[in-house]
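Could you have a look at this structure, given as C-alpha cells, before my questions?
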Amino acid sequence: MDLHLTNKVVFVTGGASGIGKAIVEGAAEEGAIPVIVNRSRERGEQLRNELSQNGKKSLFVQADLSKVSQCERAIQETINQLGQLDVLVNNAGINDNVELENGSPKAFMQSIQNNLQHYYSLAHFALPHLKKSRGNIINVSSKTAVTGQGGSSGYIAAKGAQLSLTREWAVELLPYGIRVNAVLPAEVLTPMYKNWLKKFDNPDKQKSEIERRIPLEQRMTTPQEIADTVLFLASDRASHTTGQYLFPDGGYTHLDRAIHS
Ligand code: NAP
C-alpha cells in the first residue's frame, strides 16, 4: 500500500534508538524526510549517515527535550532546514522508576518533565506548521497507562496523560483537520526494555515468562511493527481516524492470557 508519505517531514522524538529509530527508518523507506530528534549526538549522526548512505534524506536535531527552550529550537531548526512539518511523533521517554513509597515529589515532577512536558511543548510549537500542512500528531504512550506497572509513578502518570491529551487535542484541532492518535506498545525489546529487564534477578527468565503470556505467537512485538502502526496513522490512509488508541501488542493488553498459563 502506498502511504502517500513522499517528501512529508516526519519529526520523531527519540528517533535514534528503539521504536523511534524504527519509525525513522520506516518513514525514510516510504520516501518521507524523517527528523531524528535525540539527546545523543553520536547515535543521531550515525543514523543520519546510515540513511544518507542508502540515498535517504533526513535531518538530525540534537536536543534535550526535558528543556522547553530546546523543544522550541528543535521545531524551529526543522522549519529553517526543511521549510515544513507534516507529522509530529512524540515518542521519546524514559522509564525512570520513581516509586510511590521510595520516591519523592521532586523526583516525580522531574519524571513528568522528562516524559510529558515535551509532548505538550512540541505540539504547541509545531501547531502553526501543522495547521499549514494539515498534518497530524501521534503520541507513543504505553500499555502501562491502562494496566499500571508498579514502581513507576512518574512515567505511568505521563503515559496516562499522553492518552488524555490525545483525546483533548483531537477535539481542539478538529477545526484545522489535524488528526491526533496514540499508539500503545506493550513488550518491545529495545534498549529501554533491556534496562528494565536488568531489574530482575534473572532477566532472561523474566523475558521468557513475559513472552509466554503474549497471546499472539508468544513473542514480543518488534519495533518495526510499532513503526508500521505509527506510519499508517501518520498517512492519509488513516484520514478519518482521530482520537484513537491503537495497541499493536499481540493481544497482550486485552485478550485472555489465562489460555496459555
Ligand atoms: P529507547 O530505546 O530507550 O529510546 C528512547 C529514546 O528517547 C532514546 O533515543 C533517547 O535518547 C530519547 N530520549 C529520552 N529522553 C529524551 C530527552 N529528554 N530528550 C531527547 N531525547 C530523549 O526506548 P523505546 O523502548 O524505544 O521507547 C520509545 C517509546 O515507547 C517511549 O515513549 C516508551 O515509553 C514507549 N514504550 C516502549 C515500550 C517497550 O516495550 N520498549 C513499551 C511501552 C511503551 P538518548 O538515548 O539520547 O537519551
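Treat the count of other C-beta atoms within 10 Å as a stand-in for reagent exposure and order Val87, Val171, Val98, Val61 from fewest to most.
Starting with the residue having the fewest Cβ neighbours, the order is Val171, Val61, Val98, Val87.
Then there's this: Using the alpha-carbon atoms, what tilt in degrees (0 to 90, nearest 10) does helix 18-29 show relative to the longest principal axis of the chain?
It is inclined by approximately 40 degrees.
Continuing with this model, one more query. In whole Hz, what ³J(HN,Hα) sequence does region 42-51 give by Karplus (6.51, -1.76, 1.60; θ = phi - 60°), x for Gly and Pro?
Running phi through 6.51 cos²θ - 1.76 cosθ + 1.60 with θ = phi - 60° gives 4, 5, x, 5, 4, 5, 4, 5, 4, 5 Hz.
Oh, and also: In nm, to one decimal, how far is the Ile79 label point from the Gln110 one, both placed 7 Å along Cα→Cβ?
3.3 nm
With θ set to phi - 60°, apply the Karplus curve 6.51 cos²θ - 1.76 cosθ + 1.60 along region 164-172 and write out the HN-Hα couplings as whole Hz, x wherever there is a Gly or Pro.
4, 5, 4, 5, 4, 6, 4, 6, 4
Along the Cα→Cβ direction, 7 angstrom out, place labels at Asp228 and Glu209. What is the inter-label distance in nm?
If labels sit at Asp228 and Glu209, their model points lie 3.0 nm apart.
Limiting things to C-alpha atoms, what are the Rg and the maximum Cα-Cα separation (Dmax) for the chain, in angstroms?
Over the chain's Cα set, Rg and Dmax evaluate to 17.8, 54 Å.
Using Cα-Cα distances under 8 Å and only pairs 6 or more residues apart, what relative contact order does the chain have, in percent?
19 percent
Still on this structure: Run the reach check for Lys106 against lysines, Cα to Cα strictly under 27 Å, same-chain hits fewer than 8 apart removed. What comes back?
Lys67, Lys143, Lys159, Lys194, Lys198, Lys199
Would you order Lys8, Lys56, Lys199 from fewest to most other beta-carbon atoms within 10 Å of each residue's own beta-carbon?
Values: Lys8 22, Lys56 18, Lys199 11.
Least to most surrounded, the residues fall as Lys199, Lys56, Lys8.
Which of the aspartates and glutamates could a cross-linker bridge to Lys56, judged by Cα under 17 Å and excluding same-chain residues fewer than eight apart?
The qualifying aspartates and glutamates are Glu25, Glu29, Glu30, Glu45.
If each residue's Cβ is checked for other Cβ atoms within 10 Å, how do Arg167, Arg41 rank with the fewest at the top?
Arg41, Arg167
Now, a different point. Kindly express, to the nearest 10 degrees and within the range 0 to 90, the angle between helix 105-115's C-alpha long axis and the longest C-alpha principal axis of the chain.
Its long axis makes an angle of about 50 degrees.
Could you tell me the calculated FRET efficiency between Tyr176 and Glu217, based on Cβ-Cβ distance and R0 = 45 angstrom, to the nearest 0.05? Present the calculation step by step, with values, prior to reporting the outcome.
Values: r = 40 Å, r/R0 = 0.89.
Between Tyr176 and Glu217 the formula returns 0.65.
Whole angstrom only: what separates the Cα centroid of region 177-194 from the Cα centroid of region 230-253?
Between the Cα centres of region 177-194 and region 230-253 lies a distance of 10 Å.
For the chain, take the longest principal axis of its alpha carbons; what is the angle in degrees between that and the long axis of helix 117-133, to the nearest 10 within 0 to 90?
30 degrees
Which cross-chain or sequence-distant (5 or more) residues have an amide H under 5 Å from the amide H of Phe60, H modelled 1.01 Å from N in plane?
Those qualifying (amide H under 5 Å, at least 5 residues apart or on another chain) are Ile36.
Still on this structure, please answer the following. Taking amide H positions as placed in the peptide plane 1.01 Å from N, state which residues far from Arg179 in sequence (5 or more) or on other chains have amide H under 5 Å from it.
Close amide H contacts, sequence-distant or interchain: Ile137.
Read phi for every residue in region 95-103 and hand back ³J(HN,Hα) as whole Hz from Karplus 6.51 cos²θ - 1.76 cosθ + 1.60, θ = phi - 60°, with x for Gly and Pro.
With the stated coefficients, region 95-103 comes to 7, 9, 6, 8, 7, 6, 6, 9, x Hz.
Based on DSSP loop calls and a cut-off of at most 10 other Cβ atoms within 10 Å, the longest stretch of the chain free of exposed GluC sites (Glu not before Pro) is what?
Values: sites that count: Glu101, Glu217.
Within the chain, the longest run free of exposed GluC sites (Glu not before Pro) spans 102-216.
With contacts defined as alpha carbon pairs under 8 Å and 6 or more residues apart, what's the relative contact order of region 15-160 in percent?
22 percent
Still on this structure, please answer the following. Run the reach check for Lys131 against lysines, Cα to Cα strictly under 17 Å, same-chain hits fewer than 8 apart removed. What comes back?
Output for Lys131: Lys8.
Bear in mind that the values in this text are calculations on the coordinates, not laboratory data. Keep in mind that what you see is a predicted model, and the values were worked out from it rather than measured. All Cβ positions, glycine included, derive from the backbone under ideal geometry; neighbour counts span all protein chains shown.
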